[in-house]
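Structure first, commentary second.
Each reported figure results from applying straightforward, stated rules to the coordinates on display, with no laboratory input. As the structure is a computational prediction, the values presented were derived from the model and not from experiment. Here Cβ is always computed from backbone atoms with ideal geometry, including for glycine, and neighbour counts include all displayed protein chains.
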Amino acid sequence: MGIDEKRYFQPEIECMPHDEIEKLQNEKFLKQVRHVWEDVPYYRNKMQEKGVTLDDIKSKDDLYKLPFLTKDDLRKAYPYGLMGKPLKDCVRIQSTSGTTGQRVVAFYTMHDIQIWETMCARAIVAAGGTNEDVVQVSYGYGLFTGGPGLNGGSHMLGSLTIPTSSGNTDRQIMFIKDLSATILCCTPSYAAFIGERMKEMGMKPEDIPLKAGIFGAEAWSEDMRRDIEKTMGIKAYDIYGLTELCGPGVSFECSDQHGMHINEDYFIAEIIDPKTGEVLPDGSLGELVFTTLDKEAFPLLRYRTRDICSLTREKCPCGRTHIRMTRLKGRSDDMLIIRGVNVFPSQIETVLLNKGYPANYQIIVDRVNNTDTLDVHVEMTPEMFTDNLGEVTQRQKDLVDGLRSMLGLTAKVTLVAPKTIVRSEGKAVRVIDKRKF
Ligand code: DLL
């Protein structure tokens, strides 16, 4: 059976047999390592410190010999220390917000921009997009990669692009409706907010022409996906990426909505044990590590993302052959250790959404008398809202029980009135950790 070419942006690459991908990766890998060795003294020093030279790297099988690069390296080498090209060859800078205290600044040549936009175009096609679609990009534009990345992908595909950026939610809805946007790109928390506002305005899913959403840049759960899909009457696709590697599009979901295909012609992905650095077999949960294969200005070998997930080579019904990563379980630095127990915010979200609460919550961790405390503030829906104290107490108790069985910990739950938790137009801030370490 032949493949339906319209379902892919580049079928010859996206559906390439595995042994051919390996061959392509091998060729590109050797070239990329040579580029780094010759042009990035910071990394060459790291290799030499580990006793590795270019001669030790004969194929992709030697990847494990290379040292890891970490966020700490990026910090030490800030701003120009990891560049692989002179500034005169670069055409763009993007950066993270630096909310975790570590601002990342990444550089791009024209070639780097083109491969990044190619990946975003693949993601839009995987979500059912064609050049007949109208793509509304409601990720932030500017230093954040979300807006520029999806904007570039949409252009490359030839779709009509509406660069609304984030914010001004009523105008977002007006544009979706008036300009017949069919694909919406934004963070999942902003999508949920837009959906909530639509409901308030008395709009139903059939009142808007949207058919798909491409949502990423932050962790979200399967339940949140279902909620957004229902409110907007769309299919919601996950997209992953990070500034260090380019931005959105490193991997993306297909019609199967079961894990994100990593663009293996541009990256090699590994999963390692975050504690020991040992490479783990496919299927194991661990930290995702990327090696770029085709980057000029900011090539990174064995870059530790701190993101936790697993990889699978299981055949995908969509026909793409590139390896898939699971939805992120969280970041290793997102993981909270509360009274010795590992807690991921996504576990808390799962309990809340399963019990019918919206994804509007805040997790507050503190230390009182040398004991960690976990407070979860959860917003009620307007339907739940009541001044019947008994009912509220019963609801809180039910959530405490649900969280205890998920986490093995007792949390304090406070139910708050609808709309009291601040909405996000970009990445939502869900955790406030007040402990001083
Ligand atoms: O968030 C790039 C991006 C923009 C991805 C738009 C998708 C859509 P950074 O600001 O550098 O880049 O943040 C990267 O965000 O290491 C993950 O921890 C998290 N992240 C990104 N995508 C997802 C996702 C952009 N789909 C960091 N699910 C990454 C969960 C995600 N977390």
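Annotations
- If the segment from residue 226 to residue 110 were pulled out straight at 0.36 nm per residue, it would be longer than the present Cα-Cα gap by 38.0 nm.
- P(r) histogram, all alpha-carbon pairs of segment 177-259 included - 5 Å bins from 0, percent: 3, 15, 26, 25, 16, 10, 4, 1, 0
- Take each peptide in 407-416, 215-224, 342-351, count the other Cβ atoms within 10 Å of every residue, and average; sorted highest first, the result is 215-224, 342-351, 407-416.
- Between residue 39 and residue 326, the simple spin-label model (points 7 angstrom out along Cα→Cβ) gives 3.7 nm.
- Viscosity 1.002 mPa s, temperature 20 °C, Stokes-Einstein D of the chain from Kirkwood C-alpha radius, µm²/s: 94 µm²/s
- Sequence ranges 258-267, 331-340, ranked by mean other-Cβ count within 10 angstrom, highest first: 258-267, 331-340
- Cα-only Debye scattering, segment 298-437: base-10 log of I(q)/I(0) at q = 0.19, 0.20, 0.22 Å⁻¹: -1.17, -1.24, -1.39
- Only one residue of 242, 276, 228 has its Cα farthest out toward the positive end of the dipole of segment 199-282, where Lys and Arg carry +1 and Asp and Glu -1 on Cβ, and that residue is 228.
- Panel order for 250, 135, by other beta carbons found within 10 Å of each beta carbon, from fewest to most: 135, 250.
- Computed E for residue 89/residue 160 - FRET, C-beta separation, R0 25 angstrom, nearest 0.05: 0.20
- Between segment 337-394 and segment 10-86, the alpha-carbon center distance in angstrom: 43 Å
- Zone of residue 423's modelled label, taken as backbone nitrogen in segment 351-365 under 17 Å from a point 7 Å along Cα→Cβ: 358-362
- Residues with amide H under 5 Å from that of residue 134, placed H, sequence gap 5 or more: 182, 183
- Each Lys and Arg Cβ is given +1 and each Asp and Glu Cβ -1; about its Cα centre, the chain then shows a dipole of about 1060 debye.
- Length released on extending from residue 130 to residue 258, taking residue separation times 0.36 nm less the Cα-Cα span: 43.9 nm
- Full-extension gain in nm, residue 199 to residue 369, via 0.36 nm per residue minus C-alpha separation: 56.8 nm
- Grouping the Cα pair distances of segment 156-214 into 5 Å bins from zero gives a pair-distance distribution of 4, 17, 34, 29, 11, 4, 1, 0 percent in increasing distance order.
- What the Cβ-Cβ distance of residue 70 and residue 409 gives, at R0 = 30 Å and to the nearest 0.05, is a FRET efficiency of 0.50.
- For residue 355, a cut-off of 16 angstrom between C-alpha atoms picks up these lysines, skipping any fewer than 8 places away in its own chain: 397.
- Distance between the pseudo-spin-label points of residue 62 and residue 386 (7 Å out from Cα toward the beta carbon): 6.9 nm.
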